[in-house]
Amino acid sequence: MQQNNRAQFATRLGVVAVTVGSAVGLGNIWRFPYEAGVNGGGAFLLLNLFFVFVIGVPVMCAEFVIGRHTGSNVRSAFRRLAPGSAWSLVGYIGITASILILSFYSVVAGWTMEYIYRSLTDFCGIRSATALHDRFDTFASSNWRPVMWTLLFLLCNYAILARGVEKGIEKVSNILMPLLFIILIAFCINSLFMPDAGKGLSFLFRPDFSQLTPKSVLSAMGQAFFSLSLGLGCLITYASYFSRRTPLMKTAFLTASLDSFVAIMAGVIIFPAVFTYGKEPAAGPKLVFEVLPAIFAEMPLGALWSTLFFLLLFLASLTSTISMSEISIACMCDDLGMKRRNATRLNIGIAMAFGTLCALSFGCLGGVRVFGMTLFNLFDYVSSNVLLPLGGMLISIFAGWRLNHAVLKGELDATSRGGRIFLRILIFCMRYVAPPCILIVFLAGIGVL
Ligand code: PFF
């Protein structure tokens, strides 16, 4: 069913780099530590790992199968597999979620740019928790700097996306991902030697289930979807560029493992510092931006480390945002016949408008609340905790129940004995575990159950 003239990622390493590049980003290094901080640490981590491997991996395989088999973007994939049905709605859910995420994500990526700039120009080694807090607040609530960085970040996206799949996306990911791993390991080692490392590690690894509420279970599931880039068709789109030789199950498992590993590393970096510098683990979205500068201030050559870290965080965000944008760009090019450059312009233009609103929600639009949330929090909540789980549930039902079974097995192609056992478990989870589990957690999380 695959289309012949479609672009393809050139190498297997490239496939892993782009998929891991999409998964690893602010979700692991910025969002995971603060969500874990707000939701009680160890118990959140355990739940998150459960959702990643029991629900995330099957949904990821489902997305891979649908994408590679059809060789289509998220909208036409469902139209081709289930013509004339309501399944193409899944495509629209994905496109909406991708724009919402791109908008608030670009604001945080913009913050990383501010911190790169500061590290280079006026690194002053502040250690005091209050001073770091004030510094971040003054910046984030100002009316032009965060907007400027958000727009600049989106322009960087444009520069890569307009170049296309192989020359832009694959090349950039191949270089950046290995570099990110190396630097994270260096920071982990540094954090392990901090005076209160033990407290930080026990917060992260010792589960205290009494802290968990249905809301935090929903957050752990939302985090798994967000972090693995699942439920919005990002991986359907990427898999449409995979070659027939790409082993889907292995790629899914490897991506989920590396992604979780990075999130845990981020926790190991942040929580020892949180306790050492007397910060609150439940500080919310600012956590990383208020805690990490304190670590850098302690380190020899702090300005250099700080620049390097925020640079890599910025680049990791970039490999994630290009994957979100690709969802709607592929639809516009394939289905509306738009030129890639124009489709990219439209996508980035829309994100610039919404991104500006999100950036200002820490400043002059702070008073604008919808369901009690600022626009930034609303975009995050609706996409991660509503649209992604909903999309993931539908994708899992579609692949498990509606898609031809021979196609599913053929695409997942298990050759060894172990592979066949794994395939059986995977299909079982896709059919019987993921859909009801997502539904129950979702309904309980929003207070309906
Ligand atoms: N997985 C990315 C992260 O953890 O930062 C975020 C993301 C990328 C979400 C791509 C959705 C997506 F389509």
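At a glance:
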quantity: Matching residues in the range 86-122 - criterion: being over 21 Å from F376 (Cβ atoms), open to solvent by 40 Å² or more (accessible area, probe 1.4 Å) and either touching a Gly at 6+ places or on another chain (Cβ under 6 Å) or part of a helix (DSSP H, G or I) (or both); calculated: A86, W87, L89, Y92, Y117, L120, T121
quantity: Residue that is surrounded by the most Cβ atoms within 10 Å (Cβ to Cβ), among those in the range 346-384 that are small (G, A, S) and outside any helix (DSSP H, G or I); calculated: S361
quantity: Failed item in (1) open to solvent by 10 Å² or more (accessible area, probe 1.4 Å); (2) of a type in the set (D, E); (3) outside any loop (DSSP other than H, G, I, E, B), with E280 passing the rest; calculated: (3)
quantity: Helices (runs of 4 or more DSSP H) contained entirely in the range 385-449, each with at least 3 residues that are over 27 Å from R245 (Cβ atoms) and not polar (S, T, N, Q); calculated: 388-397, 434-445
quantity: Options S328, S317, S323, S306: the member that is part of a helix (DSSP H, G or I), among the polar types (S, T, N, Q) and farther than 30 Å from R75 by Cα; calculated: S306
quantity: Residues of the range 301-331 that turn out to be of a type in the set (V, I, T) and within 12 Å of the ligand (Cβ to nearest atom), as a count; calculated: 4
quantity: Residue match in the range 186-200 (condition: open to solvent by 40 Å² or more (accessible area, probe 1.4 Å), among the polar types (S, T, N, Q) and at pLDDT below 95); calculated: yes
quantity: Residues that are closer than 17 Å to G231 by Cβ and polar (S, T, N, Q), drawn from the range 55-102; calculated: N73, S88, T96, S98
quantity: Those helices (runs of 4 or more DSSP H) lying entirely in the range 26-81 with at least 3 residues within 16 Å of the ligand (Cβ to nearest atom) and among the hydrophobic types (A, V, I, L, M, F, W, C); calculated: 42-50, 57-70
quantity: Which listed residue is open to solvent by 30 Å² or more (accessible area, probe 1.4 Å), touching a residue at least 12 places away in the same chain (Cβ under 8 Å) and over 28 Å from R341 (Cα atoms), from L151, L81; calculated: L81
quantity: Members of the range 15-25 that are more than 7 Å from the ligand (Cβ to nearest atom) and touching an Asp or Glu at 6+ places or on another chain (Cβ under 8 Å); calculated: A17, V18, V20
quantity: Checking R145 against (1) touching a Ser or Thr at 6+ places or on another chain (Cβ under 6 Å); (2) within 21 Å of S106 (Cα to Cα); (3) modelled with pLDDT of 90 or more, the condition it does not meet; calculated: (1)
quantity: The listed residue being assigned to a loop (DSSP other than H, G, I, E, B), of a type in the set (A, V, I, L, M) and open to solvent by less than 10 Å² (accessible area, probe 1.4 Å), out of L235, L230; calculated: L230
quantity: Any hit, the range 295-307, residues being under 28 Å from I99 (Cα atoms) and crowded, with 22+ Cβ neighbours inside 10 Å; calculated: no
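The values are calculated or read from the model by the stated rules, or taken from the named source; none is laboratory data. Note that the coordinates shown come from a computational prediction; the quantities given were computed from them, not determined experimentally. No Cβ is skipped: glycine too gets one built from the backbone with ideal geometry, and neighbour counts run over all protein chains shown. Note: accessible area is taken over every heavy atom of the protein model, side chains too, but ligands, DNA and RNA are not part of it. Shrake-Rupley method; radii C 1.70, N 1.55, O 1.52, S 1.80 Å.
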